[in-house]
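Right, I'll just put the structure down here and ask away after.
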Amino acid sequence: QVQLVESGGDLVQPGGSLRLSCAASGSLFRLYDVGWYRQAPEKQREFVAGIPDGTSTNYADSVKGRFTISRDNAKNTVYLQMNSLKPEDTAVYYCNAVLGSRRYWGQGTQVTVSA
């Protein structure tokens with residue numbers, strides 16, 4: 001069982017930056033494929049960024065060059081650095097962890113980009 005707790009969401013102006021954190025419980029966190037998803041009002045949840053191990057990363061086209069995902073397995077934490085934020089980045093951001101058939105979600109953290 002893995003519990004995920006996101007934090008760092010806030011109201012920010014366009015062009016601003018935020019760093020989201022996802023703290024995980026469990027001793028096997030380092031084995032999990034971890035990623036960030038987001039869901040805007042009246043839209044489906046979508047993939048944002050993934051970091052299946054300590055080195056490789058992948059991003060949605062809409063955030064490439066602006067967002068950076070990283071993980072610290074010693075701290076059981078995954079981060080999402082978001083720069084050059086746009087109003088269309090407004091959403092609830094969710095942390096996700098997958099290992100085999102096991103999939104876990106956090107409760108989400110709200111990011112609002114508005115002037």
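The values are calculated or read from the model by the stated rules, or taken from the named source; none is laboratory data. Remember, predicted model here, so these are calculated numbers, not experimental data. When we count neighbours, we look across all protein chains shown, and the Cβ atoms used for this are built from the backbone with ideal geometry, even at glycine. Protein only, heavy atoms only, side chains kept; ligands, DNA and RNA dropped before computing areas. Shrake-Rupley method; radii C 1.70, N 1.55, O 1.52, S 1.80 Å.
Which shape class, rounded, prolate or oblate, goes with the range 34-105 when its Cα gyration tensor gives a ≥ b ≥ c as root eigenvalues, a/c under 1.5 marks rounded, and past that a/b bigger than b/c marks prolate? The partial results should precede the final answer.
Working: a/c = 2.01, a/b = 1.32, b/c = 1.52.
It comes out oblate by the Cα gyration axes.
Next question. If you take every DSSP beta bridge whose two residues both sit in the chain, what share of them, in percent to the nearest 5, is antiparallel? Provide the component values of the computation, followed by the final result.
Numbers: 37 of 39 bridges.
Roughly 95 percent of the DSSP beta bridges within the chain come out antiparallel.
Counting pairs of alpha carbon atoms under 8 Å apart in space and at least six apart in sequence, what relative contact order in percent does the chain give? Don't skip to the answer; put the middle values down first.
Numbers: 276 pairs, mean separation 42.1, N = 115.
Relative CO of the chain lands at 37 percent.
Under a crude label model (7 Å from the Cα following the beta-carbon direction), how far is Asn83 from Gln13 in nanometres?
Placing both labels 7 Å along Cα→Cβ, they lie 1.9 nm apart.
Related question: Label point 7 Å out from Thr57 along Cα-to-Cβ: which residues of the range 13-28 have amide N under 17 Å?
17-23
Below 16 Å, Cα to Cα, which aspartates and glutamates can Lys86 reach? Residues fewer than 8 away in the same chain don't count.
The reachable aspartates and glutamates, counting only those whose Cα sits under 16 Å from Lys86, are Asp10, Asp61.
Over the chain, with the other protein chains present, what is the accessible area per residue in square angstrom, probe 1.4 angstrom? Walk me through the numbers before you get to the answer.
Details: 6140 Å² over 115 residues.
On a per-residue basis, 53 Å².
Between Ala23 and Ala74, what length in nm is gained on full extension when 0.36 nm per residue of separation is reduced by their alpha carbon distance? Kindly include the intermediate steps, with their values, before the conclusion.
Details: separation 51, 0.36 × 51 = 18.36 nm, distance 1.11 nm.
Here the segment from Ala23 to Ala74 would lengthen by 17.2 nm.
Continuing with the same structure: What part of the accessible area of the chain, given as a whole %, is carbon or sulfur when the probe is 1.4 angstrom? Don't jump to the answer; show the numbers that get you there.
Working: 2850 of 6140 Å².
The C+S portion of the solvent-accessible surface of the chain is 46 percent.
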